[in-house]
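The values are calculated or read from the model by the stated rules, or taken from the named source; none is laboratory data. All figures in this text were calculated on a predicted structure; none of them were measured in a lab. For neighbour counting, all protein chains shown are included, and Cβ atoms are generated from backbone atoms with ideal geometry for every residue, glycine included.
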Amino acid sequence: MTTGSILLGAAILLLVVLFVARPLLQRAPVAPLPRTSRQRLLAQKEALLAEILSLDFDYETGKLPPELYQHQRAAMVAEAAAILEQLDSLPQVVIADAEIEAAIAQLRGQAPAAPVVTPPVAVSVSGSGNGHGRFCTQCGSTIDPNDKFCAHCGSKITPPAVKPA
Ligand SMILES: [Zn+2]
């Protein structure tokens, strides 16, 4: 292997590493724009907390000198405090109402309100009391009390016991 090919390989490797690490070197990926200012602030707070954690990690692993770490961390904490303050200052009631309305609208979009259907009134069967309406013991079809055979399957029907008068 010649020196030239080694250098070429190293250059290619460097390019690949830069390409792969590019998203990491840039700022955090842009999240979809939150709807309300409250959600925007919450997202900012989350991002800031993640940055502080990352900063702590860098400091603990010795990547950051203490003075730089303390300076950056103080700035981040101040920024986070400002965000929390903004969150507190937001008109809570209005936002709650808006969020509820949005949730309702979303529900409406997903599942439209079912029309109110009046349940059918159960019609009480009169005229054929117990014992009068009979069913075939073989196939379950309704049979006339006077029939001797089932009209559906032809089974012989045992006549009901005649009650003594
Ligand atoms: Zn039958």
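List of remarks:
- Condition met for residue 120 (more than 14 Å from the ligand (Cβ to nearest atom), at pLDDT 60 or above, part of a loop (DSSP other than H, G, I, E, B) and under 53 Å from the mean Cα position of the chain (by Cα)): yes
- The residue that is farthest from residue 83 (Cα to Cα), counting only those in region 1-49 that are at pLDDT 70 or above, among the β-branched types (Val, Ile, Thr) and surrounded by fewer than 10 Cβ atoms within 10 Å (Cβ to Cβ), is 2.
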